[in-house]
Amino acid sequence: MRRIMAVLYKEFLQIRRDRMTLGLIFMLPLVQLLLFGFAIQTEVKHISTVVFDQSLSADSRDLLESFSASGYFDVTMAVNSYDEVTRMIDSGKAKVGIVFPPDFSENVRRGTSAAVQVFVDASDSMVSNQAIAVANFIGMIKSQEILTSKLRVGAAPYDIRVRPWYNPDGVTAYYMVPAICGILVTLSMVMLTSMGIVRERERGTLEQLMVTPIKPYELMLGKTLPYIVLGYIQITVALLVGVLVFHVPIKGSILELYILTLFFITASLGLGILVSNIAKTQMQAMQLAYFIFLPSILLSGFMFPRDGMPKLIYYIGNLIPLTYYLDIIRGIVLKGIGFSYLIGQVISLLVFSVVFLTISTLKFKKKIA
Amino acid sequence: MIKITELSKAFGSIGAVHEINLEIKKQEIIGIVGPDGAGKTTLLRMVCGLITPDHGQVLVMGKAPDRMEEEKDKLGYMPQRFSLYGDLTVSENINFFGSLYSLDKKTIQDRADEILGLTNLIAFKNRLADNLSGGMKQKLSLTCALVTRPDILVLDEPTYGVDPESRKEFWKILYRLNKEGKTILLSTPYMDEAELCMKVAFMDNGRIVSVDSPANMREKFSYTVLELKSSIKNSHVLRDIPGVIDAYFYGDSYHIVTPKDRDNLQFIEAALNERNIEVFKLEEIAPSIEDVFVSLAEKEVV
């Protein structure tokens, strides 16, 4: 116990003297959250749109008006030929091109189907999916309007009412900010502890440590425990930014969130210390850490919904601590659910923590060769 | 105190240490002397239990060093590289290592003050270790190795890269510790330090070639050494003279090794004149420990 405390105190002294790292612990959540919170918008609005209206009629203007009014299309450019539409999209000045044929108005009035061409730059699937969906939707609604007015019936036959729960306005920030908190914590924690053992190995201080009676588990604990404090500082800064800047409503219990966060911090620290035990140099540790970060970001459900992933990828996602923490933090912040719903996730994180620290302890030998 | 028997260790195909036998008695100062790559560090690390030997064994006070978890405080080790925390102060480093041996704060404090007084580091107690000079860093390492009051000190090239003045001071401290009863096993690449040890083990190519006191080593040296000051540029011409066993550059002169039983001085002088070699000075000198080592090392090579 005294030896754990000795390592712990030493780590605190070293952290305190390392102004750069300390600054990063505070600044990272602040800057990153502000940056990503505003930048990451899964909902794409204001898509630059070019129009080539050969009909120049009240009907074409009416439909165009619906496109603009949706908020998804910014119809700012009008051109006079197909070539120009192509050029605008090729050059990237427009992502969407809308072309009305000369007989558009006649067809509407005659009751035959009036074709409108919508070109979409699908090289960015996020933008094109949205544009295609919205364009189809506008077409449907407008057709329905015209049909119902012609048939003189009061209402459309179906009336499907969707109620989006937890985030009724679909504010991306509500969904993303808690997740970014998780990313930040795992990134910092893994990064910090991944240097832990390997730095001492490179500097030669480990050789002196090895001749002392310290036990491997004491060293591992002494090297991870101090960082729990830093993890909590980070999550606090991140949540404060989320609440104050992005107005994320925290529906569940903050106390519960803080308690459950402990397991995520220890799992991340354990992962970091494991990296530190595997790597021979700080450079290798850095590379290994990156090897962990990318899957964490892409497969945990942070970027893409996990439901749509192929089975194998889905299971790989199960091996990432962040996956479980996203359930916890999104659950508590957005849904306001509590521990009883999250027990599985908590157990998983606990298992990760124990396994990572145990392997680290077993792998650490008080020998040079 | 330490008994090494048939100790061997190889790294891959490179043999680092071959079948070493060595016994270190209580209150001895024994120096492992030898060129870089001779295997000194590997040997000392095996004594401390940091490297598992391939064959043979080390017994420190009757125990294998990696089995003496609870008696780790009996052995103080100072690695070759500075192995303390540069971002901790002198006293924080001592406190840290002291607490790893479960010493209480008061004991550490008392001992630290005592040793820091001895090593003249007391004024630098609150300085970061990174900001100490090379010599002071070595003294701090020694202090940390001493905090448990070990019976045995294992020091790996403790004066390497340290200025001559600090080296002298460091040795004074070692003598004092020795007088108080400590057994000291150290390695050094400096031949002049070998003279300061009670016993010297000359190590070359992973083997201990000879173990004896420096005086005995010189005594047993069965050659005459001549010192030559001359304008010649290398020692090849000297080696070609019949009767010369070896010749090499030494400081600002050459040493010529010849058999003891002949009237060498005249013979060599004549040979030098014959070869038109300018002689500023030529005289017989007492062999230094380095002369002994040079001859030992060359025997090994042959």
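What are the residues in the range B:83-113 that are hydroxyl-bearing (Ser, Thr, Tyr), within 7 Å of chain A (Cβ to nearest Cβ) and free of Cβ contacts under 8 Å to residues at least 12 places away in the same chain, if any?
Within the range B:83-113, B:SER99, B:SER102 meet the criteria.
Here's the yes/no breakdown for (1) in a helix (DSSP H, G or I); (2) under 20 Å from the mean Cα position of the chain (by Cα); (3) within 21 Å of A:PHE339 (Cα to Cα); (4) modelled with pLDDT of 90 or more:
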{"residue": "A:GLY182", "(1), (2), (3), (4)": "yes, yes, yes, yes"}
{"residue": "A:ILE214", "(1), (2), (3), (4)": "no, no, no, yes"}
{"residue": "A:ILE233", "(1), (2), (3), (4)": "yes, no, no, yes"}
{"residue": "A:THR236", "(1), (2), (3), (4)": "yes, yes, yes, yes"}
{"residue": "A:GLY252", "(1), (2), (3), (4)": "no, no, yes, yes"}
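Check B:GLU157, B:GLU165 and return the single one that is out of contact with any strand residue (DSSP E or B) (no Cβ under 6 Å at 6 or more places or on another chain) and either away from chain A (no Cβ under 14 Å) or under 30 Å from B:LEU7 (Cβ atoms) (or both).
That would be B:GLU165, the only listed residue that is out of contact with any strand residue (DSSP E or B) (no Cβ under 6 Å at 6 or more places or on another chain) and either away from chain A (no Cβ under 14 Å) or under 30 Å from B:LEU7 (Cβ atoms) (or both).
From the list B:LYS199, B:LYS182, B:LYS168, B:LYS229, pick out the single residue that is more than 13 Å from the chain's Cα centre (by Cα), farther than 30 Å from B:GLU269 by Cα and in contact (Cβ under 8 Å) with a residue 24 or more places away in the chain.
Answer to the check: B:LYS182.
Do any helices (runs of 4 or more DSSP H) entirely within the range A:1-74 hold 2 or more residues that are crowded, with 18+ Cβ neighbours inside 10 Å, modelled with pLDDT of 90 or more and within 14 Å of another protein chain (Cβ to nearest Cβ), and if so, which?
Per the criteria, A:2-17.
Out of B:THR41, B:THR119, B:THR52, report the one residue that is at the interface with chain A (Cβ under 9 Å from one of its Cβ atoms) and either under 28 Å from the mean Cα position of the chain (by Cα) or at positive phi (or both).
One residue alone meets the criteria, B:THR52.
Please go through the range B:179-226 and pick out each residue that is surrounded by fewer than 21 Cβ atoms within 10 Å (Cβ to Cβ) and among the acidic types (Asp, Glu).
Answer for the range B:179-226, where residues must be surrounded by fewer than 21 Cβ atoms within 10 Å (Cβ to Cβ) and among the acidic types (Asp, Glu): B:GLU180, B:ASP192, B:GLU195, B:ASP212, B:GLU219.
Residues that are within 13 Å of chain A (Cβ to nearest Cβ) and under 17 Å from A:GLU207 (Cβ atoms): does the range B:11-21 have at least one?
The answer is yes; a qualifying residue exists.
Would you mind stating whether A:GLY301 is touching a Leu at 6+ places or on another chain (Cβ under 8 Å), modelled with pLDDT of 95 or more and in the same structural domain as A:PHE356 (by TED's automatic domain parsing)?
The answer is no for A:GLY301.
All but one of (1) within 20 Å of A:GLN14 (Cβ to Cβ); (2) crowded, with 20+ Cβ neighbours inside 10 Å hold for A:VAL248, so report the exception by its number.
Every condition holds for A:VAL248 apart from (1).
Give the range B:232-275 a look and list any residue that's more than 21 Å from B:LEU296 (Cα to Cα), assigned to a loop (DSSP other than H, G, I, E, B) and free of Cβ contacts under 8 Å to residues at least 24 places away in the same chain, or say none.
Selection gives B:LYS233, B:ASN234, B:ASP252, B:ARG262, B:ASP263.
Being aliphatic (A, V, I, L, M), in contact with a Cys (Cβ under 7 Å, 6 or more places away or on another chain) and in the same structural domain as A:GLY338 (by TED's automatic domain parsing) narrows it down to one residue among A:ILE235, A:ILE228, A:ILE254; which is it?
A:ILE235
The values are calculated or read from the model by the stated rules, or taken from the named source; none is laboratory data. The shown structure was predicted, so the numbers you read here are calculated from the model rather than taken from an experiment. Using ideal geometry, Cβ is built from the backbone for each residue, glycine included, and neighbour counts are taken over all protein chains shown.
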